[in-house]
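Enquirer: Okay, here's the structure, questions in a sec.
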Amino acid sequence: MSQFNSRFYDFNVYPDSSNSVTELAFEAKRYGYCGIAVVNSAKPGEDKLPVDFSIYRSIGISGKPSRLREEIKKHKGTEAILTVFGGDEELNRAAVETEGLDILLQPAQFNNVLAKAASDNSVAIGFNLGSLIRLRGEARVRELMIMRENLKHARKYDLFMILTSNAHSIYDFRSPREMAAIAGLFGMSKEEAVDAMSAAPLEILRRKNPDYIQEGIEII
């Protein structure tokens with residue numbers, strides 16, 4: 001069976017005014033996804049979604065480290081997928097050291113200490129492939145270097161990895177095969193890329209289940 005027969009998810013879709021969430025859902029379905037997480041946007045009714053397709057609510061958290069901690073603690077235990085948009089080392093440290101965060105997306109400064117904290121708190125590392133698609137020249141090279149470094153730390157500490165298009169409109173989506181090919185530019189294997197769009201998102205959803213308490217403990 002082809003690896004690309006998996007159920008794929010894009011967990012960082014950021015709607016703008018050009019397309020509705022429903023339009024984004026139908027486009028994602030056409031590209032081969034079975035679910036998306038929309039950041040800071042309301043979910044449409046089930047009757048407005050494609051068949052066999054799910055939309056999840058995501059809260060994007062940004063700001064000073066103290067605010068990050070407060071917001072993560074505030075929303076911890078809810079069904080919302082919590083994502084911090086990565087930045088410098090101080091911000092990233094506050095994010096990965098606060099229990100309850102789901103994804104640290106594209107941290108610009110990431111190291112072994114932060115990776116260990118992410119592992120301890122089950123934080124997935126997100127790779128925003130939309131930046132590689134949009135950027136050109138030296139900026140794109142810098143982004144590739146950051147991703148290559150983050151991949152090294154994620155592998156060393158066996159972190160879950162998430163691939164996202166960071167789609168703002170219907171034109172930003174890429175198929176899972178295209179996403180895996182782009183991820184190969186910074187060294188991610190096809191198997192890792194598939195897991196980052198299927199197994200890793202499913203693991204986050206599993207932890208969002210109200211019957212989940214902590215690793216190895218669930219309500220029966």
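Any read-out appearing in this document is the output of simple, stated calculations on the displayed coordinates, not a laboratory observation. All values derive from a computational prediction rather than experimental measurement. Reconstructed Cβ throughout: ideal geometry from the backbone, glycine too, with neighbour counts over all protein chains shown.
Enquirer: What does the C-alpha gyration tensor say about the overall shape of region 1-68? Classify as rounded when a/c is under 1.5, otherwise prolate if a/b is larger than b/c, or oblate.
Expert: Oblate, because a/c is 1.5 or more while a/b does not exceed b/c.
Enquirer: Between region 59-134 and region 140-195, how many Å separate their Cα centres?
Expert: 16 Å
Enquirer: Given H placed 1.01 Å from N in the peptide plane, which residues other than close sequence neighbours of Ile162 have an amide H under 5 Å from its amide H?
Expert: HN-HN under 5 Å from Ile162: Ile125, Gly126, Phe127.
Enquirer: Under the rule a/c < 1.5 gives rounded, and otherwise a/b versus b/c splits prolate from oblate, where does the chain land using the Cα gyration tensor?
Expert: Verdict is rounded for the chain.
Enquirer: Separate question: Over 19 Å between Cα atoms: which of Lys156/Lys208; Lys73/Lys156; Lys74/Lys208; Lys76/Lys208; Lys29/Lys190; Lys64/Lys156 fall into that group?
Expert: As for pairs spanning more than 19 Å Cα to Cα, those are Lys156/Lys208; Lys73/Lys156; Lys29/Lys190; Lys64/Lys156.
Enquirer: Is there a quick way to get the dipole size of region 1-99? I mean about its Cα centre, with the Cβ of Lys and Arg at +1 and of Asp and Glu at -1; what is the value in debye to the nearest 20?
Expert: So the magnitude is around 180 debye.
Enquirer: Grab the other residues whose beta carbon is less than 15 angstrom from that of Ala181, score K and R as +1, D and E as -1, and report the net.
Expert: Every neighbour counted, the sum reads 0.
Enquirer: Here's another thing I want to ask about it. Before anything else, pin down the relative contact order of the chain: Cα pairs under 8 Å, at least 6 apart, normalised by residue count, whole percent.
Expert: Taking the mean separation of contacting Cα pairs over the length of the chain, I get 21 percent.
Enquirer: Computed on alpha carbon atoms, what radius of gyration and Dmax characterise region 101-220, expressed in Å?
Expert: My reading of the Cα-based Rg and Dmax gives 14.9, 53 Å.
Enquirer: Still on this model: What is the sum of charges around Arg93, taking Lys and Arg as +1, Asp and Glu as -1, for the other residues whose C-beta is under 13 Å from the C-beta of Arg93?
Expert: In short, -2.
Enquirer: Under a crude label model (7 Å from the Cα following the beta-carbon direction), how far is Ser66 from Asn40 in nanometres?
Expert: According to this spin-label approximation, the distance is 2.1 nm.
Enquirer: Using only helices, what value at 222 nm comes out for the chain when you add -39,500 (n - 2.57) per DSSP H run of length 4 or more and divide by the total residues, to the nearest 500 deg cm²/dmol?
Expert: -12000 deg cm²/dmol
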